[in-house]
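Rule-based calculations on the coordinates, nothing more; no lab input. All of these numbers come straight from a predicted model, not from anything done at the bench. FYI the Cβ positions are ideal-geometry reconstructions off the backbone, even for glycines, and counts take in every protein chain you see.
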Amino acid sequence: MNDRNTQKRKADHIRICLEENVQFNRLTNGLDRYRFTHFCLPELNLNEIDTTTTFLGKELSVPLLISSMTGGTETAKTINYRLAEVAQEYKLAMGVGSQRVAVEKPEVADTFAVRSLAPDILLFANLGAVQLNYNYGLDRCRRVIDLLEADALILHLNPLQECIQTNGDTNFKGLLDKIADLCSKLTVPVIAKEVGNGISVNMAQKLIDTGVKAIDVAGAGGTSWAKVESERAENSMQRNLGKTFADWGLPTAECILEIRTQYPDIPLIASGGIRNGMEVAKAIAMGADIAGLALPFLQAASESSQALKELVELLTAEIRTVMFCTGNADIYQLKHSHALQKIA
């Protein structure tokens with residue numbers, strides 16, 4: 001696929017996510033099946049609640065990741081620059097969208113290059129793992145890391161999206177060996193991330209065995225990329241295929257619980273349909289280290305920097321309120337509190 005098509009696809013993705021109903025139809029992220037036990041007397045001072053945490057060696061003021069979204073267009077540049085400035089101000093982690101377009105079209109590399117705006121943040125580069133089967137090797141992976149001065153590289157796994165996408169890249173054969181080789185040669189950690197259909201505990205095991213240092217479950221229940229690609233489809237078969245698979249995947253909560261139970265120490269990111277600070281807190285209480293949000297940040301960044309700041313402050317207040325009303329003074333306590341109960 002040529003660079004012009006890649007660039008147009010990125011523009012389409014932003015427009016469709018903002019303007020069309022591309023959320024899962026029936027399947028939820030699973031967090032709605034859990035509730036916190038309320039403490040009517042928490043024995044805490046709200047002003048002393050500590051939301052700081054550390055992930056991959058960097059301190060965050062709150063366990064939030066601005067999940068990978070976009071790049072490659074002027075609109076994407078505006079969005080990424082606003083996101084980076086807010087991430088720097090509030091000490092959040094941030095990932096950029098797939099940098100394949102920047103490799104194919106170097107003149108748009110500046111739409112991703114946010115390090116100068118956010119010198120201190122935890123910042124993730126991003127490529128599709130499948131590109132390792134399409135002439136992407138160590139050099140190109142190093143190039144996208146260097147472009148960002150990134151702290152880690154996300155390899156996103158998106159087999160369903162590629163199936164629905166017109167002329168998608170669907171040769172996923174032999175990727176585990178290529179990921180293992182990459183992990184052994186890169187100087188930054190590799191994060192394996194789905195794009196909204198979830199990572200099972202069995203797949204997590206295989207990925208961890210390759211040398212992947214962190215998992216982002218990116219479970220089902222939020223934006224359905226099958227629906228996004230269905231909206232973009234150039235023929236009725238691809239459009240209908242996307243509709244059939246609109247609710248395909250593993251709910252976010254299920255992925256977090258199963259992976260954390262099996263792997264108590266792997267750095268774990270919860271994302272996939274997380275829309276507010278209460279859901280962030282639920283994900284942390286289930287065992288995630290940090291939680292990633294995409295659509296809420298995309299909507300706010302498309303509006304203004306002020307809207308972004310208000311969103312971060314609301315998310316933080318929601319997390320702090322959960323911690324206060326469950327008697328947890330810091331993130332470590334929340335993560336190990338057993339404050340979350342499954343609703344029968």
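With Cα atoms defining each centre, the stretch 291-344 and the stretch 218-257 are spaced 25 Å apart in the structure. Enter the angle in degrees (range 0 to 90, nearest 10) between the Cα long axis of helix 305-325 and the first principal axis of the Cα atoms of the chain, meaning the one along which they spread out most. Helix 305-325 sits roughly 40 degrees off the main axis of the chain.
Put simply, the amide H of residue 55, placed in the peptide plane, has neighbours under 5 Å in 60, leaving out anything fewer than 5 places away on its chain. Summed over qualifying helices (DSSP H, 4 residues or more, each -39500 (n - 2.57)) and divided by its residue number, the chain shows a 222 nm mean residue ellipticity of -13000 deg cm²/dmol. Listed by chain and number, the aspartates and glutamates placed with their C-alpha closer than 20 angstrom to that of residue 8 are 19, 20, 74, 104, 107, 110, 162, 169, 229, 231, 234; residues fewer than eight positions away on the same chain are left out. Restricting attention to the stretch 3-342, close to 20% of DSSP beta bridges with both partner residues there are antiparallel. Treating r as the C-beta distance of residue 341 and residue 107 and R0 as 41 Å, the FRET efficiency rounds to 0.20. Counted by Cβ distance under 13 Å from residue 267, the other residues give a net charge of +1, where Lys and Arg count +1 and Asp and Glu count -1. Fully extending the segment from residue 299 to residue 234 would add 20.8 nm, taking 0.36 nm per residue of separation and subtracting the current Cα-Cα distance. Stretching residue 173 away from residue 58 to a fully extended chain increases their span by 38.0 nm, per 0.36 nm per residue minus the current alpha-carbon distance.
Between residue 265 and residue 317, the contour length at 0.36 nm per residue exceeds the alpha carbon distance by 15.9 nm.
Taking θ as phi - 60° and the Karplus parameters 6.51, -1.76 and 1.60, the scalar couplings of the stretch 171-182 work out to 8, 9, 6, x, 6, 4, 5, 5, 5, 4, 4, 5 Hz in sequence order, x denoting glycine and proline. Rounded if a/c is under 1.5, else prolate if a/b beats b/c, else oblate: with a ≥ b ≥ c from the C-alpha gyration tensor eigenvalues square-rooted, which is the stretch 26-69? It is oblate, given that a/c is not under 1.5 and a/b is not larger than b/c. Taking θ as phi - 60° and the Karplus parameters 6.51, -1.76 and 1.60, the scalar couplings of the stretch 210-225 work out to 6, x, 4, 9, 7, 10, 10, 5, 6, x, 6, x, x, 6, 9, 6 Hz in sequence order, x denoting glycine and proline.
Counted by neighbouring Cβ atoms within 10 Å, the residues 67, 98, 236 run from fewest to most as 236, 98, 67. Enter the angle in degrees (range 0 to 90, nearest 10) between the Cα long axis of helix 138-148 and the first principal axis of the Cα atoms of the chain, meaning the one along which they spread out most. For helix 138-148, the angle is close to 60 degrees.
Phi-derived couplings, Karplus 6.51 cos²θ - 1.76 cosθ + 1.60 at θ = phi - 60°, listed residue by residue for the stretch 17-30: 4, 7, 10, 10, 7, 10, 7, 4, 6, 10, 5, 9, 6, x Hz, with x used for Gly and Pro. Distance check, please: which entries in 309/342; 77/185; 185/309; 173/243; 10/193; 213/243 exceed 28 angstrom between their Cα atoms? Correct reply: 309/342; 77/185; 185/309; 213/243.
Evaluated with a Cβ-only charge set (Lys, Arg +1; Asp, Glu -1), the chain carries a dipole of roughly 700 debye about its Cα centre, given to the nearest 20. The calculated FRET efficiency for the pair residue 205 and residue 78, based on their C-beta separation and a Förster distance of 35 Å, comes to about 0.30.
Residue farthest toward the positive end of the dipole of the chain, with Cβ of Lys/Arg at +1 and Asp/Glu at -1: which of 332, 299, 202? Of the listed residues, the answer is 202. For a test of the definition: using alpha carbon positions, the gyration tensor, and the 1.5 limit on a/c, classify the stretch 166-215 as rounded, prolate or oblate. Judged from the Cα gyration tensor, the stretch 166-215 comes out oblate (a/c at least 1.5, b/c at or above a/b). Annotation: amide H-H contacts under 5 Å for residue 224 (H modelled 1.01 Å from N, sequence separation of 5 or more, or interchain): 23, 24. Listing 173, 193, 91, 178 from fewest to most neighbouring C-beta atoms within 10 Å gives 173, 91, 178, 193. Simple spin-label estimate for residue 243 and residue 181 gives 4.2 nm between the two label positions (7 Å along the Cα-to-Cβ direction from each Cα). Close amide H pairs (under 5 Å, H built 1.01 Å from N) link residue 194 with 157, 216, 218, residues at least 5 positions away or on another chain. Work out the length of the dipole vector of the stretch 201-344 about its Cα centre, built from +1 on the beta-carbon of each Lys and Arg and -1 on the beta-carbon of each Asp and Glu, and round it to the nearest 20 debye. Dipole of the stretch 201-344, to the nearest 20 debye: 180 debye. Exposure proxy for 244, 187, 73: other Cβ atoms within 10 Å of each Cβ, ordered fewest to most, give 187, 244, 73. The mean sequence distance of close C-alpha pairs (under 8 Å, at least 6 residues apart), as a share of the length of the chain, puts its relative contact order at 23 percent.
Among 172, 31, 223, whose Cα lies farthest out toward the positive end of the dipole of the stretch 3-342, if unit charges sit on the beta carbon of Lys, Arg (+1) and Asp, Glu (-1)? Selected residue: 172.
Based on alpha carbons, the Rg and Dmax found for the chain are 19.0, 61 Å. Distances between every pair of Cα atoms in the stretch 207-255, grouped in 5 Å steps from 0 to the bin holding the largest one, split as 5, 22, 18, 15, 15, 12, 9, 4, 0 percent. Mind running the shape call on the stretch 154-299? Use the C-alpha gyration tensor, a ≥ b ≥ c as the square roots of the eigenvalues: rounded below 1.5 for a/c, prolate if a/b tops b/c, oblate otherwise. Taking the square roots of the gyration eigenvalues as a ≥ b ≥ c, the stretch 154-299 is oblate.
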